[in-house]
Amino acid sequence: MATLSRSDFDNWRQDNVTKAFYLAMIDRVEEAKEVLSNQAGFNAVEDSYYRGFIRAYREALEFRIDDLTEDSQ
């Protein structure tokens, strides 16, 4: 795995493309929550899909450089 310094990560997080990507992920989470709130209970498979989708995006949004460095120690 490539080495990533805290400074590199912080620079990446401050990049306008990264900020736009994060905002798009937030929008997608909100859209998925809206779909789930309107359709929950009709199809258990779709409910699970949207729950997993939301969780995966939240995990990506919450990622910190410490998460990466802990694995490499």
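Values in this text are rule-based calculations from the coordinates and carry no lab data. Note that the structure is predicted; figures quoted are calculated from it, not measured. We place every Cβ from the backbone using ideal geometry, glycine too, and count neighbours over all the protein chains shown.
Quick rundown of the values:
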| read-out | value |
| --- | --- |
| Inter-label distance for Thr3 and Glu34, nm, one decimal - labels placed 7 Å from Cα along Cα-to-Cβ | 4.6 nm |
| Calculated Cα Rg over 2.2 N^0.38 Å (choose from (i) 1.22; (ii) 1.41; (iii) 1.33), label | (ii) |
| Mean residue ellipticity (222 nm) of the chain, computed from DSSP H runs ≥ 4 via -39,500 (n - 2.57), nearest 500 | -26500 deg cm²/dmol |
| Computed over the chain: relative contact order in percent, which uses C-alpha pairs under 8 Å that are six or more apart | 32 percent |
